[in-house]
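The values are calculated or read from the model by the stated rules, or taken from the named source; none is laboratory data. Because the structure is predicted, anything quoted here is derived from the model rather than measured. No Cβ is skipped: glycine too gets one built from the backbone with ideal geometry, and neighbour counts run over all protein chains shown.
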Amino acid sequence: MKNLLLLSAAMILTVLGTKANNDLKEGFKVGTPIIQSISTMEFGPEGILFLGDALSGQITAIDTKDMVANNTTEGIKIEDLQGKLAAMMGTTPDNVIIHDLAVNPISQTPYLAVSKGNRKELGFWRLPNDVSQASMIIKINADGSMQEFSMDKVAFSQTTLSGLIDPEKGETYRKSSLRVDAITDMVYHEGKVYVTGLSNEEFSSSMRIVEFPFNDQVRAASLEVYHAAHGAYETNAPVRTFVPYIREGASHMITAYTCTPLATFPMDKFKDGALIKSKTVAEFGAGNIPMDMIVYKKGEKDYLMISNSTRNLMRVDLDDVFNMEEGLNTEVKGFEVAGISYTSLPSNGISQIAYLNENNVLALVLSPGGLMELRSLNTKWF
């Protein structure tokens, strides 16, 4: 799902089997983790799959034992994905919802979080987690076959987040409960799991930093973003998707919000209890939800790729992001855009994206005919 280029050093250590990486699993126990919802999932080093569970407020780390290195630069294509999933799940394609996509950076194996739910309930503002809760993980093998990844008797570790938004917190025009936004996105970066979502604090948009291996040490900072389409600073809109990025030795978090501000935060400001104001570098237009975001390399340059609910894929030059000295601070009317520019890539119907290998980005693509496929996008063309 995220920028797995950042995991390259960890991948090398994994293949070499160093003691440092082996220590990551020392606290794991074997059993069947209790998981109420797979709100988001993300790979870390050594084949560890992290699951964010908004309903229980837990983060679970699972040893997939998926450790066979794959150095291919080839792509993947699976047509009629929901039809194949429906056959496995004993239902019809209209009752299969795909919530998330993650790729193991060691084996290049894709994993899907799926649920049985009425796809017709998905709409302009309703995302998969607003309709149903993912309860199953599907592993896609190298030959294209699929199997359920069983969580029975796996090695795992869990930690619980505190101060999440109340499960009974009011209904909105598009959600049954705001609790589904208690965990909106998650990424592993340099020994920590970063988690965005809503808290029960006055400034509810939060960034939680969880030490890994889990030791009950969790820091929480509140985030404030200038939302140019609304003409206001906001602290209650959750980050929808984000990636860490290292620029000239400094770590930054690049974040995207609904309607659609793109903003950065310096990661050294993520102190427990802090209220951190972003630099909003772009407003990419109202009436849209950013679905996923990765960093990839094209030639010698790094680019940001953003998938969206109502827009084509966007490509953003990261030089533009960090060369912008002053953030936006004035309202942008209607569906206008402002700040740095983006390139609209020739694609539509793409929800989830994930870094696959140096030549390919993997994407969930909904065709005009309503069929979902898993397809590689060659970065030479994107």
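If you go through region 167-186 one residue at a time, do you hit one that is aromatic (Phe, Trp, Tyr) and under 20 Å from ASP100 (Cα atoms)?
Scanning region 167-186 turns up no residue that is aromatic (Phe, Trp, Tyr) and under 20 Å from ASP100 (Cα atoms).
Among the residues in region 31-44, are any modelled with pLDDT under 60, surrounded by fewer than 21 Cβ atoms within 10 Å (Cβ to Cβ) and not β-branched (Val, Ile, Thr)?
No.
State which residue is nearest to SER341 (Cα to Cα) when the search covers only region 280-302 and only residues that are under 19 Å from the mean Cα position of the chain (by Cα) and surrounded by fewer than 19 Cβ atoms within 10 Å (Cβ to Cβ).
Per the criteria, the residue is ASP302.
Which residues, taken from region 128-145, are closer than 19 Å to LEU374 by Cβ and either small (Gly, Ala, Ser) or surrounded by 17 or more Cβ atoms within 10 Å (Cβ to Cβ) (or both)?
Correct list: PRO128, ALA134, MET136, ILE137, ILE138, LYS139, ILE140, ALA142, GLY144, SER145.
Over 16 Å from LEU364 (Cβ atoms), among the small types (Gly, Ala, Ser), surrounded by fewer than 18 Cβ atoms within 10 Å (Cβ to Cβ) and within 21 Å of the chain's Cα centre (by Cα) - does that describe any residue in region 72-94?
Within region 72-94 (the criterion being over 16 Å from LEU364 (Cβ atoms), among the small types (Gly, Ala, Ser), surrounded by fewer than 18 Cβ atoms within 10 Å (Cβ to Cβ) and within 21 Å of the chain's Cα centre (by Cα)), the answer is no, since none of the residues qualifies.
Collect the residues in region 316-360 that are buried (at least 21 other Cβ atoms within 10 Å of the Cβ), closer than 25 Å to ASP100 by Cα and β-branched (Val, Ile, Thr), keeping them in residue-number order.
VAL316, ILE350, ILE353, listed by residue number.
Would you please name the residue that is nearest to PRO368 (Cα to Cα), looking only at residues in region 95-120 that are touching a strand residue (DSSP E or B) at 6+ places or on another chain (Cβ under 9 Å) and surrounded by fewer than 20 Cβ atoms within 10 Å (Cβ to Cβ)?
Taking the candidates together, the pick is ARG119.
Okay, residues lined up against (1) modelled with pLDDT under 95; (2) touching a Pro at 6+ places or on another chain (Cβ under 7 Å); (3) farther than 25 Å from VAL332 by Cα:
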{"position": "VAL131", "(1), (2), (3)": "yes, no, yes"}
{"position": "SER150", "(1), (2), (3)": "no, no, yes"}
{"position": "SER157", "(1), (2), (3)": "no, yes, yes"}
{"position": "GLU168", "(1), (2), (3)": "yes, no, yes"}
{"position": "LYS192", "(1), (2), (3)": "no, no, yes"}
{"position": "GLU211", "(1), (2), (3)": "no, no, yes"}
{"position": "VAL225", "(1), (2), (3)": "no, yes, no"}
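Got a sec? Which strands (runs of 3 or more DSSP E) wholly within region 127-203 have at least 3 residues that are within 23 Å of MET291 (Cβ to Cβ)?
Where strands (runs of 3 or more DSSP E) fall fully within region 127-203 and carry at least 3 residues being within 23 Å of MET291 (Cβ to Cβ), they are 136-140, 185-189, 192-198.
Tell me the strands (runs of 3 or more DSSP E) entirely within region 242-355 that contain at least 2 residues that are not hydrophobic (A, V, I, L, M, F, W, C).
250-256, 261-266, 279-283, 290-298, 301-308, 314-317
Give me the pairs, please: first residue somewhere in region 61-83 and among the acidic types (Asp, Glu), second residue anywhere and part of a helix (DSSP H, G or I) and surrounded by 12 or more Cβ atoms within 10 Å (Cβ to Cβ), beta-carbon distance under 6 Å, and either six or more positions apart or on two chains.
Pairs that qualify, where the first residue is among the acidic types (Asp, Glu) and the partner is part of a helix (DSSP H, G or I) and surrounded by 12 or more Cβ atoms within 10 Å (Cβ to Cβ), are ASP63/LYS25.
Go through region 51-63 and count every residue that is crowded, with 22+ Cβ neighbours inside 10 Å and over 7 Å from GLN158 (Cα atoms).
Counting residues in region 51-63 that are crowded, with 22+ Cβ neighbours inside 10 Å and over 7 Å from GLN158 (Cα atoms) gives 5.
Yes/no matrix, rows are residues, columns are (1) farther than 22 Å from ILE59 by Cβ; (2) buried (at least 23 other Cβ atoms within 10 Å of the Cβ); (3) not basic (Lys, Arg):
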site	(1), (2), (3)
PRO167	no, no, yes
LEU178	no, no, yes
ASP181	no, yes, yes
GLY191	no, no, yes
ASP216	no, no, yes
HIS230	yes, no, yes
GLU234	yes, no, yes
VAL239	no, yes, yes
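When you scan region 313-337, how many residues do you find that are over 23 Å from the mean Cα position of the chain (by Cα) and either basic (Lys, Arg) or on the phi < 0 side of the Ramachandran plot (or both)?
Number satisfying all stated conditions: 14.
Within region 252-279, track down each residue that is surrounded by 24 or more Cβ atoms within 10 Å (Cβ to Cβ) and more than 19 Å from ARG208 (Cα to Cα).
Answer for region 252-279, where residues must be surrounded by 24 or more Cβ atoms within 10 Å (Cβ to Cβ) and more than 19 Å from ARG208 (Cα to Cα): THR260, PRO261, LEU262.
Would you mention how many residues in region 213-231 are within 11 Å of PRO261 (Cβ to Cβ) and in a strand (DSSP E or B)?
3
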